[in-house]
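Since the structure comes first, as structure tokens, the remarks are kept for the end.
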Amino acid sequence: MVESVRPRRILVPTDFSPGAESALEWAKALGEAFRAEVLLLHVLDLTIGALAGFPANVAMVPAAGELLERIRVEAQQEMAKVSGRMPGARTIIREGMPRSMILDVAREVGADMIVMGTHGRTGLTHVFFGSVAEHVVRHSRIAVLTVRQRTE
Ligand code: ATP
Ligand code: MN
């Protein structure tokens, strides 16, 4: 007999993009249905390459420290907004490379399931899968549910 399978701790990585929204809804529904704990995770990628999307080489300016602080505060505010819609969810913000940090945190907290979007902030719709989603699906030892953004 196979031991019954049910998620107890669901890790939900979010980059606060519309692509991550449907995954949040699924995580919420699964959390309620299985009475599982839901953990929201955001990984701040503070490398210069990742910051290239921010206005004019901000990583280079003297006020970089201040800017980083602002990015950290913004992440906390975004996380507060998301967790406001997920009562009871634990929140985690880490700094590092998102793809590997998601797997590290999953192991660290003892998650048994990951629920995430197929796309994120970059959101190139012609790409089948975002690179973070692809990496996690390829390497995760636990179940991964990927959810495509709802299109009206
Ligand atoms: P790419 O990043 O490869 O250019 P993309 O941004 O469209 O493409 P992904 O980054 O793979 O796609 O995003 C897919 C999902 O991965 C998101 O919906 C979110 O659940 C998760 N994710 C992506 N980046 C982060 C992050 N920095 N922190 C937490 N979760 C993330
Ligand atoms: Mn991305």
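Per-residue extension of 0.36 nm, minus the Cα-Cα distance of S83 and R148, leaves a gain of 21.3 nm for this segment. At full extension, V73 and R141 could sit 21.3 nm farther apart than now, given 0.36 nm per residue minus the alpha carbon distance.
Label-to-label distance, L46 versus R107, with points set 7 angstrom from Cα along the beta-carbon direction: 2.3 nm. Taking a ≥ b ≥ c as the square roots of the Cα gyration tensor eigenvalues, with a/c under 1.5 meaning rounded and otherwise prolate when a/b beats b/c, else oblate, which class fits the stretch 99-152? Prolate shape, in that a/c is at least 1.5 and a/b is the bigger ratio. Solvent exposure of the chain amounts to 62 Å² per residue of accessible area, where only protein heavy atoms count and the probe is 1.4 Å.
Cα convex hull, the chain: 131 Å³ per residue, rounded to a whole number. Compared with the alpha-carbon gap, the fully stretched path from A33 to I93 is longer by 19.0 nm at 0.36 nm per residue.
The values are calculated or read from the model by the stated rules, or taken from the named source; none is laboratory data. Predicted model, so just to flag it, every value in this text is computed and none were measured. When we count neighbours, we look across all protein chains shown, and the Cβ atoms used for this are built from the backbone with ideal geometry, even at glycine. Calculation scope for accessible area: heavy atoms of the full protein, side chains included, ligands and nucleic acids excluded. Shrake-Rupley method; radii C 1.70, N 1.55, O 1.52, S 1.80 Å.
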